[in-house]
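J.: Once you've had a glance at the structure underneath, I'll fire off some questions.
The values are calculated or read from the model by the stated rules, or taken from the named source; none is laboratory data. Keep in mind the model is a prediction, meaning the values are calculated, not measured. FYI the Cβ positions are ideal-geometry reconstructions off the backbone, even for glycines, and counts take in every protein chain you see.
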Amino acid sequence: MNILFLEAVQVHGGARKSTVELAERLLKQNHKVHIADFWGNCKEFVEDVRHRNINLEILLKKDEPIIIKSSKNPFIIFKNILSFYIEKREIQKNLERYIKENNIELIIVNNSKTISILKKSDHYKIVYFARGWFNLNSIPKLKAYIFRKKAEYFIGVSESTRQAIFSGGFSKLENIYVVPNAIDIDKIEKYKVNNPVEKNDLLKILHCGGYLKEKGQLLTIDLAKRMKEININFEISIVGAIYDGIESQIFVKNLRNMIENYGLEDKVKLITNSNDPYKYFNEADIVIHPSYTEGLPRVVMEALAFKKPVIANAVGGVTDFILHNYTGYLSDFNSTDDYLKAILLLKENREEYNNIAQNGYNLIKTNYAPKVQVSRFENVLEKILNK
């Protein structure tokens, strides 16, 4: 089958990595897989796709993407909107040519930019792959209209995402499918062997997520403050990408100011745009995930695969991974007390730590292996094509 993943990549984060990995797995199953990217400006993404020998088409080569809200200035926002719509026509033209030349049968999109340039056709089907949380209240009316009008089918990464799409009125339940993410545990085991870590009395905590308020870094700073007050010997690494646009940049600046104001410079490290997040998973003792919304978070999956206990907000697909007191710990939303209580338990009870870590690892190894993902995706493809 000829499958096209249509992208407009700014940062090669978890969702994009999952897309590229799925594309490679389908390619190995003899599907004809293509990735088309609007601008090809994200070097890490482009290199990853080409390294995996996946067909990559850059629709309109640019060094910088068009970010609508790159500023709070309404005149700049209007200018960006105008620039995008001027370029949109050329991108559409190049995409239509590529679709026709390669006999594309299925186009998979995951945001409003990509789906907005598509036209419905008898020659291919359009699938919206919701890798994040699908919250109707956060989707502007115009975007919601585009999703309903153009997406013929939806795929979510978790059952909670599927229900959110349905309850938002975007599609009938029979046209919404679930294909969870997957991870190659053998790759992680090899990484751990090649990068041994010497443990000491310093408790290392990892928070991994892009620099936006919704990823919960404010709770992490508060948690660090509390841990310092009770004299725990710890270090927290906050690892994530700074997104294009003013919002993410301002947020990072505010975090740095908070760290300085609370005297946490020796306790909290901000690591931005790292090319090797596995280094921090490998070195961590505990992973925290105080995100506001999630589809099926890759961060949690990677942590469990590294045998690191996870403490997380009970949002979206997090509960697919975390069964409280068995594969990890769930907090009432943004409860610093809950996070601190779980950290102290894991720190003081090694048997508990080992049991939680092993249970989480077993869950990922059994249910989120690449072959499971590919099997479910191919099953969905068969159903879509027969409708």
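J.: Of the residues E189, E198, which single one is exposed (fewer than 12 other Cβ atoms within 10 Å of the Cβ) and either over 29 Å from Y292 (Cβ atoms) or free of Cβ contacts under 8 Å to residues at least 24 places away in the same chain (or both)? Explain how you work it out, then say what you get.
T.: On the way: E189 fails: exposed (fewer than 12 other Cβ atoms within 10 Å of the Cβ).
Within the list E189, E198, the selection yields E198.
J.: While we're looking at this one, here's another question. At least 3 residues that are farther than 20 Å from R298 by Cα, acidic (D, E) and at pLDDT 95 or above in each: list the helices (runs of 4 or more DSSP H) lying fully within the stretch 317-387 that qualify.
T.: Answer list for the stretch 317-387: 336-348.
J.: Does K269 count as surrounded by fewer than 15 Cβ atoms within 10 Å (Cβ to Cβ), under 22 Å from the mean Cα position of the chain (by Cα) and outside any helix (DSSP H, G or I)?
T.: yes
J.: Considering D244, D266, D285, D320, which residue is in contact with a Ser or Thr (Cβ under 6 Å, 6 or more places away or on another chain) and among the acidic types (D, E)? Please lay out each step first, then the result.
T.: Details: D244 fails: in contact with a Ser or Thr (Cβ under 6 Å, 6 or more places away or on another chain); D266 fails: in contact with a Ser or Thr (Cβ under 6 Å, 6 or more places away or on another chain); D285 fails: in contact with a Ser or Thr (Cβ under 6 Å, 6 or more places away or on another chain).
Selected residue: D320, the only one of D244, D266, D285, D320 that is in contact with a Ser or Thr (Cβ under 6 Å, 6 or more places away or on another chain) and among the acidic types (D, E).
J.: Of everything in the stretch 25-52, what is surrounded by 17 or more Cβ atoms within 10 Å (Cβ to Cβ), part of a helix (DSSP H, G or I) and under 20 Å from the mean Cα position of the chain (by Cα)? Give them in sequence order.
T.: R25, L26, F45, V46, D48, V49
J.: Out of K120, K88, K143, K100, I need the residue that is exposed (fewer than 13 other Cβ atoms within 10 Å of the Cβ), in contact with a helix residue (DSSP H, G or I) (Cβ under 8 Å, 6 or more places away or on another chain) and either free of Cβ contacts under 8 Å to residues at least 60 places away in the same chain or in a strand (DSSP E or B) (or both). Which one?
T.: K120
J.: Follow-up. Got a sec? Which of S83, S160 is part of a helix (DSSP H, G or I), in contact (Cβ under 8 Å) with a residue 60 or more places away in the chain and over 16 Å from H34 (Cα atoms)?
T.: The match here is S160.
J.: Now a separate question. Can you tell me which residue among K383, K365 is under 29 Å from H123 (Cα atoms), surrounded by fewer than 16 Cβ atoms within 10 Å (Cβ to Cβ) and touching a residue at least 40 places away in the same chain (Cβ under 8 Å)?
T.: Answer to the check: K383.
J.: Just the residues that are modelled with pLDDT of 95 or more and of a type in the set (D, E, K, R), please, taken from the stretch 106-128.
T.: The answer is K125, and nothing else.
J.: For the stretch 205-238, name all the residues that are assigned to a loop (DSSP other than H, G, I, E, B), touching a residue at least 24 places away in the same chain (Cβ under 8 Å) and more than 17 Å from G14 (Cα to Cα). First the steps, then the outcome.
T.: So in the stretch 205-238, the residues assigned to a loop (DSSP other than H, G, I, E, B) come out as 209-212, 216, 230-233.
Still in the running and touching a residue at least 24 places away in the same chain (Cβ under 8 Å): 209-212, 216, 232-233.
Within the stretch 205-238, I232, N233 qualify.
J.: Against the condition part of a helix (DSSP H, G or I), without any contact (Cβ under 8 Å) to a residue 60 or more places away in the chain and surrounded by 18 or more Cβ atoms within 10 Å (Cβ to Cβ), how does I76 come out, does it pass?
T.: Spelling it out, it is not the case that I76 is part of a helix (DSSP H, G or I), without any contact (Cβ under 8 Å) to a residue 60 or more places away in the chain and surrounded by 18 or more Cβ atoms within 10 Å (Cβ to Cβ).
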